[in-house]
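Notes for the one structure printed next.
No value in this document is a laboratory result; all are computed from the given coordinates. Computed from a predicted structure; not experimentally measured. No Cβ is skipped: glycine too gets one built from the backbone with ideal geometry, and neighbour counts run over all protein chains shown.
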Amino acid sequence: MMDTIYALASATGKAGVSVLRVSGPKVLDVATSMLGFCPKQRNASFVRINDQNGELIDTGIAIFFKSPASFTGEDVLELHVHGSVSVIGALSDSLSNFDTVRLAEPGEFTRRALDNNKLDLSQVEGLADLINSETEAQRKQAQRVLSGELGRKVSEWRSDLIRAAALLEATIDFVDEEVPEDVYPEVNELLSDTCKVLQAEAEGAVFAERLRSGFEVVILGRPNVGKSSLLNKLAGREAAITSEIEGTTRDVVEVRMDLNGLPVTLLDTAGIRATNDVIEGLGIERALERGVKADLALILTDDGGLPDGVDEIGDKIFVFTKGDLTGNKDAVSVLTGAGIDELIDKISDFLKEKSAVVGVASRDRHRTSLTRAIDHIETVRLMLVDGCDQTELLAEGVRLAIGALDSLIGQVGVEDILDEIFSSFCLGK
């Protein structure tokens, strides 16, 4: 028999209310022993919670979820008690005295939800992303995945591929006879349409992954043009050292922030100029490298002069600085705050435009599975174009594409990554 598990589902430490979750086959025994009865399904009951000796531990709210109508798919009991370290300790001690009842491992509740088909693997990842979300955009993206949207899309894609495989396999019975109908045009159409939507989803996964981890916005410019000052202004704190001495910043300074609901990592970099200083030279080289890789570069100038090397950078916004000194009405000023809000809006509008193509697939693993499916489909389509009549090979290629999509939602071939995924969860999840 599988163990019954328990864990604190709310944050540790003092709180107004703490929630302790119990899941497994002995939940009814636990409820009867500690509460004196088992609450009705999904009804909140005010209860006295006692230990095995009948001594009162605490009073609180108990909610019972009967299998399979629970998060884990098992019987689940939630105890909402006073948020005291001693109360949680006493409850945990009492629960551990039951046979086959033990403290849950990290992510074990969610692992059981996966095993009991309450969630697919992509939804598990969506739950992890939701727990770790820091911005509104990340929350919305995680909720899309957690709601099962990716699983529904996979089901549609699989349906078309299964239809294509069935058409091909039906012709195998006529290998020595004339095939009653040419199925290849319909097969090719199904594969072509599916391939297009998979390619769009794979492209969107690149930006969705950035939405999860945060967009990178690098600040570039010549020395003393106001890069570190702008970083501090946008971050709302003294994250980088500012000085009138040129070359103060030599390494990349990173600050993570919420920019109008988007997760953004701002990067302050070394001033770009010709130098004989080896260390400063390395900083300048690193600055340009990060500029090329970033989602957006802010190219700062106070007199219209631009640093060497910025031509190789893709997406960029030119920003005039020191408006309070130059009198340039289009320049920003970290001293007066002029133009800062407009600059923030310009940055966020640009990143939101990039986010418009975000798909539901949001991890490198998702993109890899999509790419594998696309590769198998393209191989079959090329074989059709070349006039291949080996139906078994064509059908097998389609089945391999279906298998790649199955791995996307955890139906096959993902055992090696499960431990890594669930280790990121807390005990109560």
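Structure data summary
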{"quantity": "Beta bridges by DSSP in the chain, antiparallel share as percent, to the nearest 5", "calculated": "60"}
{"quantity": "Kyte-Doolittle mean at least -1.0 and Cα axial length at least 20 Å: DSSP H helices in the chain", "calculated": "149-172, 184-213, 278-293, 340-355, 364-385, 391-408"}
{"quantity": "Among V358, F46, V217 the positive-end extreme of the charge dipole of the chain (Cβ point charges)", "calculated": "F46"}
{"quantity": "Label of the coordinate-derived value, Rg and Dmax of the Cα atoms in Å, listed as (1) 22.3, 69; (2) 29.0, 87; (3) 29.3, 100", "calculated": "(2)"}
{"quantity": "Alpha-carbon radius of gyration plus Dmax, which is the widest Cα pair, for segment 1-90 in Å", "calculated": "12.3, 36"}
{"quantity": "Alpha-carbon centroids, segment 300-371 and segment 26-45: separation in whole Å", "calculated": "57"}
{"quantity": "17 Å cut-off, amide nitrogen to a point 7 angstrom out along T379 Cα→Cβ, residues in segment 185-207", "calculated": "191-192, 195"}
{"quantity": "Dipole in debye (nearest 20) - segment 214-355, about Cα centre, beta carbon charges: Lys, Arg +1; Asp, Glu -1", "calculated": "180"}
{"quantity": "Extension reserve of the R152-E136 stretch, reckoned as 0.36 nm per residue once the Cα distance is removed", "calculated": "3.4 nm"}
{"quantity": "Label-point separation, S213 to E285 (7 Å along Cα→Cβ), nm", "calculated": "2.3"}
{"quantity": "Cα-projected label distance for A69 with Q41, points at 7 Å along beta-carbon direction, nm", "calculated": "0.4"}
{"quantity": "At R0 = 30 Å, FRET efficiency that the Cβ-Cβ distance of N97 and I61 yields, to 0.05", "calculated": "0.85"}
{"quantity": "Cα pair distances in segment 268-375, grouped into 5 Å bins until the bin that holds the longest one, percent each", "calculated": "2, 10, 15, 15, 16, 15, 10, 7, 5, 3, 1, 0"}
{"quantity": "Charged-residue dipole, Cβ positions (Lys, Arg, Asp, Glu), the chain about Cα centre, Debye nearest 20", "calculated": "2140"}
{"quantity": "Length-normalised contact order of the chain in % [C-alpha pairs under 8 Å, at least 6 apart]", "calculated": "17"}
{"quantity": "Length added when fully stretched, Q199-D349, from 0.36 nm per residue minus Cα-Cα", "calculated": "51.5 nm"}
{"quantity": "Charge dipole magnitude, Cβ of K and R +1, D and E -1 - segment 4-115, Cα centre, debye nearest 20", "calculated": "340"}
{"quantity": "For V17, net neighbour charge (Lys/Arg +1, Asp/Glu -1) across residues whose Cβ lies under 12 Å away", "calculated": "-1"}
{"quantity": "For segment 78-142 versus segment 183-224, the gap between their alpha-carbon centres in whole angstrom", "calculated": "32"}
{"quantity": "Residues of segment 250-279 with amide N under 16 Å of a point placed 7 Å along Cα→Cβ from E312", "calculated": "270, 272-275"}
{"quantity": "Per-pair calculated FRET efficiency, R0 = 41 Å: V357 and L393 via Cβ, rounded to 0.05", "calculated": "0.70"}
{"quantity": "Distance violations [Cα-Cα > 24 Å] among K14/K233; K66/K153; K140/K354", "calculated": "K14/K233; K66/K153"}
{"quantity": "Estimated [θ] at 222 nm from DSSP helical runs (n ≥ 4, -39500 (n - 2.57)) normalised by residues in the chain, nearest 500", "calculated": "-15000 deg cm²/dmol"}
